[in-house]
Amino acid sequence: MSKTFKLDGREIPFETGQTIMDAALAAGVYIPHLCHNPELAPHGSCRVCLVDIGERQVSACTAAASEGMEVDSSSETIQATRRAILQMLFVEGNHVCPACEKSGACQLQAVAYYTGMLAPHFTHFFPRRPVDASHPDVVIDFNRCILCELCVRASRDHDGKRVFAISGRGLESHLVIDSPSGLLGDSCFAAADKAAHVCPTGAILPKGRGYETPIGERLYDREPISIVGDVRAHEEEVV
Amino acid sequence: MNESLAVTVEGFVAESLATHGRDPRHLLQHLIRVQQRFSCVPDAAVEALSAALDVTRTQVRAAIAFYAFLHDRPRGAFEIRFSDNITDRMLGSRRLIRLLIERLGLTGLPAWGCDLVRVDGRVSVGLASCTGMCDQGPALLVNGQAVTNLDAQRMDRIADLVQEGIPLERWPGEFFRVENNIRRRGLLLGNPATDGAALRRLVDEGADAALAEVERSGLRGRGGAGFTTALKWRFCREAPGTDRYVVCNADEGEPGTFKDRVLLTDYADLVIEGMTVCAGVLGARRGFLYLRGEYLYLLPHLESVLQRRRAEGLLGTRILGADGLDFDIEIHLGAGAYICGEESALIESLEGKRGVTRKRPPFPVTSGFDDQPTVVNNVETFLAAARVVQWGGYWLRGEGTDQSAGSKILSVSGDCARPGIYEYPFGTPVHQVLSDCGAENTQAVQISGAAGATLSPADFDRIIAFEDLPTAGSFMIFDHRRDLLDMVRNFAAFFAHESCGFCTPCRVGGALLRNLVEKVAAGQGSEYDLSEMRHIGAVMRQASYCGLGHTAPNHVLNTLDKFPQIYRRRLAREAHTPSFDLDAALSEARALTGRDDVGAHVRDGSEVSS
Ligand SMILES: Cc1cc2nc3c(=O)[nH]c(=O)nc-3n(C[C@H](O)[C@H](O)[C@H](O)COP(=O)(O)O)c2cc1C
Ligand code: SF4
Ligand code: SF4
Ligand code: FES
């Protein structure tokens, strides 16, 4: 008999070594997440997948599932904490959703809707961050980067390239590109790389395909993220 | 960069690589040496190191940007950094910084991470978090060397020495004198002598017997969290792996803590003996002492102790002639990052990377340095373990409380007549420490550093022990003259500066919290801002990835509860004050249009005059 734990009252089967997130995804139950992608090593940095396991809160993407545990992923307290974390991400960068090419197909925005975030709430930092359009096929807008390191992991662990890294610390942390000039165009990055297809926000975008699907008809305009899941699984439809 | 400098830099890097090896894990150590030599890490060094060690130049640059003591642009030939802990400020450091700046012909004030550099490149003035000299502050670091007991005369002399370009070796020796200030000795401090007795017992009676004594003693880690030492050693010993490592955590980054500094000065033999015993128990052959960059001045001393112990057969191959007992220790320097005291970040740093907390589990006991089982213990823990193996577990049990065997060494600073090192049995009440050190009219005690708890007089009967008030050793005293909001501002800036930046709540929450504290301090806050501080603090506690973020809001949350008046008396109004001053923002437009009449002003966020 396989082992199970309870997620919001529902029995979820799991194998030893699986995380709460792995098991939930396999059972078709949605736990909001940004820095997680089942194809890459878990990271645990965004903290959006926080769940309650009794006394403690843990990130579902890194915590191992265990027999009989009771996990709460939908209480108002958990949702409120997630909302605050998202509000922090929104004020840390510069997110102009109504004008953004990724609007409607952006996981950050969709998770924000899911948790009931209606306004940024905190005081904006308005950092000065550049846009890097030096690459022929791909543009990077650092204003929308949430430091999830999915591109870092994809490039290093999947493409075998190490194009991206995080530099600085604290609020000064920022994504950097490994090339003599620091520009994407001078790196060995290619549009076919996995790293070009993992960004949960509009920070890494293909060039020359702007607004192909009108805003209002995009992935998360049609159905909530809790039903359709990650944007990476729908790439062909949305870009 | 001019070509001849590039050649010099390349030569220096080549030499460093030849002497210290090409293991990519030595990157940080190479960078520190380059920084010491050139007062920055020049591009040529980045290129040379990245080529030789097979790490990307981006990783090298990212490490430079991460560690506070490394820079990619030159600071001054004399690089001065004032310790900016609240205790230094209470001793008048701010006034002295201004004095020196004026004497050196600089303008402005340094901010955290933002140094003033004189145009001639001769000197720069910046700030460091606590440098661990709180009992003899104000203090500063000049080219990494600690100068204590600063006063106006010393500022004058330092300015002269800098103007005349006198090399550090010829500065007055008394500037660099660091006192131990041991005021109360107990179990551990009572007797610094060692003659390898713990090791002899290990060799005579075997590793199992040594571990059994540590188990019997009930020794718990002295670095803060209080994990049972024997359990940690046992887990590590039993974990599968090809190699095992022993790491001494001498990062001592917690503001107000300086006891490890004293232990490494006068009790280094015992600390190293504790590490060696641990290695014997684990079967480890290599160990590291991770020494915070602020204690650079201790490096020659520690190297010489290691050297002597090797000569005495207490370290190296066949220790005390025992077959298979081989163990040696390397010292690794930190470079100004509080998070590197956290054990998994420390291991990342040991491996030459940015000090970002690792995903746990696996914990270091099963997967630490080089992914092998690793024990990380505090300096004081190793010292205690050496004595426990020498004198037996019951010796430690003889003092302390039920769950906290033995004694605790405290670093006492702030408003008291006799700051310094005090060793007490666990179970000692706070008020006893206060009366012993000559503290009067005490308003508050900050115990266990910026990450610890703020105590009000109602707490002074509580006891120092894992059952009640656990502490890594910091004990900072504030009397009634002090405005505690100064402490809160200092700590809030500290945590915003020291967050590693990995996870959202600590990275963003810490900065938001600092900004709100400053808003209230500037007299622009409202009740709403106070509830925001509580809200952000709660999210950080709940959702952060590691202990830094979990504890970073403590000082704010504690003082909001226990000392609400320090905030309240500054509130501009009850309800809400916008953080954005619309009228001030319009000043540029007024200047451009040449208007300054009533109609060109906004009187209030809500009320636009027409
Ligand atoms: C942010 C942070 C900083 C820390 N700094 C130190 C330190 O400077 N020294 C230390 O011994 N432990 C420090 N610790 C605790 C270590 O992670 C670890 O628990 C300790 O070194 C274990 O040693 P012990 O069992 O002997 O106490 C820190 C923990 C955190 C979360
Ligand atoms: S660019 Fe995208 S994938 Fe990369 S760290 Fe930023 S948000 Fe994550
Ligand atoms: S709490 Fe998060 S950001 Fe803060 S130091 Fe730990 S891992 Fe880094
Ligand atoms: S998805 Fe789990 S922490 Fe980001």
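The values are calculated or read from the model by the stated rules, or taken from the named source; none is laboratory data. A quick note: this is a predicted structure, and the numbers were derived from the prediction, not measured. Using ideal geometry, Cβ is built from the backbone for each residue, glycine included, and neighbour counts are taken over all protein chains shown. To get the accessible areas, we keep the full protein, side chains included, count just its heavy atoms, and leave off ligands, DNA and RNA. Shrake-Rupley method; radii C 1.70, N 1.55, O 1.52, S 1.80 Å.
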Take A:K3 and B:T317, extend 7 Å from each Cα along the Cα→Cβ direction, and tell me the distance between the two endpoints in nm.
4.6
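What's the FRET efficiency of A:R128 with A:T16 using the Cβ-Cβ distance as r and R₀ = 51 Å, to the nearest 0.05?
Numbers: r = 48 Å, r/R0 = 0.94.
With R0 = 51 Å, the Cβ-Cβ based efficiency is 0.60.
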Going by average Cβ neighbours within 10 Å, how do the peptides B:339-346, A:2-9 rank, with the highest at the top?
B:339-346, A:2-9
Going through segment A:126-212, which chymotrypsin sites (Phe, Trp or Tyr not before Pro) have at most 13 other Cβ atoms within 10 Å and a DSSP loop state?
A:Y211
Explain nothing, just the number: relative contact order of segment B:1-127, from Cα pairs under 8 Å at least 6 residues apart, as a whole percent.
21
Over chain B, the sum of -39500 (n - 2.57) across DSSP H runs of at least four, divided by residue number and rounded to 500 deg cm²/dmol, gives at 222 nm -12500 deg cm²/dmol
Largest-first ordering by accessible area, 1.4 Å probe, given options B:I536, B:I166:
B:I166, B:I536
Out of residues 5 or more away from B:G137 or on other chains, whose amide H comes under 5 Å of its own, with H placed 1.01 Å from N in the peptide plane?
B:N149
Inter-label distance for B:H480 and B:R98, nm, one decimal - labels placed 7 Å from Cα along Cα-to-Cβ
2.8
Taking Cβ-Cβ under 4.7 Å as the only way to count a partner, pick out the unpartnered cysteines of chain B.
B:C40, B:C114, B:C130, B:C134, B:C236, B:C248, B:C278, B:C340, B:C500, B:C503, B:C506, B:C546
Partner shielding of B:509-515, taken as the mean number of other chain Cβ atoms within 10 Å, equals 4
In the structure shown, do any of B:K519/B:K562; B:K259/B:K359; B:K259/B:K408; A:K194/B:K353; A:K102/A:K207; B:K232/B:K359 have a Cα-Cα gap over 22 Å, and if so which?
B:K259/B:K359; A:K194/B:K353
With all protein chains in place and a 1.4 Å probe, A:C151 shows an accessible area in Å² (nearest 10) of 10
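Looking at segment B:67-211, send over the antiparallel percent of its DSSP beta bridges, to the nearest 5.
Numbers: 9 of 15 bridges.
Here the antiparallel bridges make up roughly 60 percent for segment B:67-211.
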Rounded to the nearest 10 Å², the 1.4 Å probe accessible area of B:R570 is 60
B plus A alone minus the pair: what accessible area, both sides summed, probe 1.4 Å, in Å² to 100?
3100
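Provide the net charge surrounding B:G334, with neighbours chosen by a C-beta distance below 9 Å and charges set as Lys +1, Arg +1, Asp -1, Glu -1. Before the final figure, lay out the partial values.
Values: positive: B:R292; negative: B:D251, B:E294.
Summing Lys/Arg as +1 and Asp/Glu as -1 gives -1.
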Nearest 10, in degrees from 0 to 90: the angle of helix B:299-311 to the longest Cα principal axis of chain B is 10
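Report the extension gain between B:V7 and B:R285 in nm, rounded to one decimal, defined as 0.36 nm multiplied by the number of residues separating them, less their alpha carbon distance.
Values: separation 278, 0.36 × 278 = 100.08 nm, distance 3.85 nm.
Difference between extended and current length: 96.2 nm.
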I want the local charge near A:A65. Using Cβ-Cβ distances under 10 Å, sum +1 for each Lys or Arg and -1 for each Asp or Glu among the other residues.
-2
Segment B:257-336: trypsin sites (Lys or Arg not before Pro) in DSSP coil with no more than 11 other Cβ atoms inside 10 Å:
B:R318
Heavy atoms of B:S435 accessible to a 1.4 Å probe, total area in Å² rounded to 10
80
Rounded to the nearest whole Å², what accessible area per residue is found for chain B with the 1.4 Å probe?
37
Could you work out [θ]222 nm for chain A from helices alone, using -39500 (n - 2.57) per DSSP H run of at least four and dividing by all its residues? Round to the nearest 500 deg cm²/dmol.
-5000 deg cm²/dmol
What does the structure give for B:464-475 when I average, per residue, the other chain Cβ atoms found within 10 Å of the residue Cβ?
0
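What's the local net charge at B:A552, with K and R +1, D and E -1, over the other residues with C-beta under 15 Å away?
Numbers: positive: A:R47, A:R169, B:R489, B:R507, B:R514, B:R534, B:R541; negative: B:E254, B:E342, B:E498.
Net local charge, B:A552 excluded: +4.
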Calculated FRET efficiency, B:Q443 and B:Y528, Cβ-Cβ r, R0 45 Å, to nearest 0.05?
0.95
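With a/c under 1.5 counting as rounded, go ahead and sort segment A:119-239 into rounded, prolate or oblate using the C-alpha gyration tensor (a ≥ b ≥ c being the square roots of the eigenvalues; past the cut-off, prolate if a/b is larger than b/c, else oblate). Present the calculation step by step, with values, prior to reporting the outcome.
Numbers: a/c = 1.67, a/b = 1.24, b/c = 1.35.
It comes out oblate by the Cα gyration axes.
Rank these by accessible area, largest first, 1.4 Å probe: A:K194, A:K207. Kindly include the intermediate steps, with their values, before the conclusion.
Numbers: A:K194 40, A:K207 75 Å².
These residues rank, largest area first, as A:K207, A:K194.
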Starting from the 7 Å offset along Cα-to-Cβ, what nm value, one decimal, do you get for the label separation of B:D208 and B:D151?
6.2
Tell me which GluC sites (Glu not before Pro) from segment B:376-442 have a DSSP coil assignment and no more than 14 other beta carbons within 10 Å of their own.
B:E440
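Compare A:V139, A:V131 by solvent-accessible area with a 1.4 Å probe and give them largest first, with all protein chains kept in place.
Ranking A:V139, A:V131 by accessible area, largest first, yields A:V131, A:V139.
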FRET efficiency for B:E399 and B:A458, Cβ-Cβ distance as r, R0 = 30 Å, nearest 0.05?
0.65
What's the average, rounded to a whole number, of partner chain beta-carbon atoms within 10 Å of each residue's beta-carbon in B:47-59?
3
